[in-house]
Amino acid sequence: MKPGRPASRAPGARQLLRASTQRKLDRLLMKAAALIAEKGFAAMSMRDLRTSLGVSLSGLYHYFSSKDDLLFQLQHRTFAALYEQQQRIAAEPGTPEERFRRLLTGHLQFYARHAAELKSCTFELESLQGEPFRIVEEIRRRYYRLMTSAIAEVAQDGARGARESREIRHATLFVFGMLNWVYTWYDRSRHGTVEEISREMWELVLNGLKHRVHRR
């Protein structure tokens, strides 16, 4: 459910109101993500969110038509922002190895900035149903294809439009397995920066891919 249209005002006033409304929506979604990450989507209620933010239920339902709509907006906002960032990173010049490393680092840096959002979205992937699920699933598929392409180019010595094979699909799934579940163990004070973690991941995957290519 989108925020209601503001009353007619001067263009500058409408722009300020839209920016203010977006900031409030962002704040609501960030708090919802923290509650979902802590309690799980099923256990979190709209009353919990109202209490934690000190707002009315009617104020919440101005932004979300239901609890399910809240989860949809959270997942759509998070995955769309991640995918758009990764598209920009992938478009930067460099070798296939550099591109792959930038994608790993970009994902982990996004996680560092949005830990609760990614945790709640990853853990609640199957909680959406119907059209909302399909919309979010399409964004996730596009990101999967982006990462698959990057890994295929590394494995096949930089060939543009490198063909996706069973091994490449598995390598991509292995990479997402590492990236998506990093929240279960990562602690900066114990494990270093996300840039250091991404370098270790990159070396692990790169060495595995190159080993398989040279073994053929």
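We did not get these values from a lab; they are worked out from the coordinates using the rules stated. All figures in this text were calculated on a predicted structure; none of them were measured in a lab. Cβ placement follows ideal geometry from the backbone for every residue including glycine, while neighbour counts extend to all protein chains displayed.
Tabulated data
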{"item": "Degrees, to the nearest 10: 166-180 long Cα axis against longest axis of the chain", "result": "50"}
{"item": "Expected 222 nm ellipticity per residue - DSSP helices of 4 or more, -39500 (n - 2.57), all of the chain, to 500", "result": "-24500 deg cm²/dmol"}
{"item": "Dipole moment magnitude, nearest 20 debye, the chain about Cα centre, only Lys, Arg, Asp, Glu C-beta charged", "result": "580"}
{"item": "Electrostatic dipole magnitude of region 135-204 [Cβ: Lys, Arg +1; Asp, Glu -1; Cα centre; debye, to 20]", "result": "280"}
{"item": "Spatially proximal aspartates and glutamates relative to LYS39 (Cα-Cα < 19 Å; intrachain offsets below 8 disregarded)", "result": "ASP48, ASP68, ASP69, GLU117, GLU124, GLU126"}
{"item": "Simple spin-label estimate for GLU98 and LEU57 in nanometres, 7 Å along Cα-Cβ", "result": "5.7"}
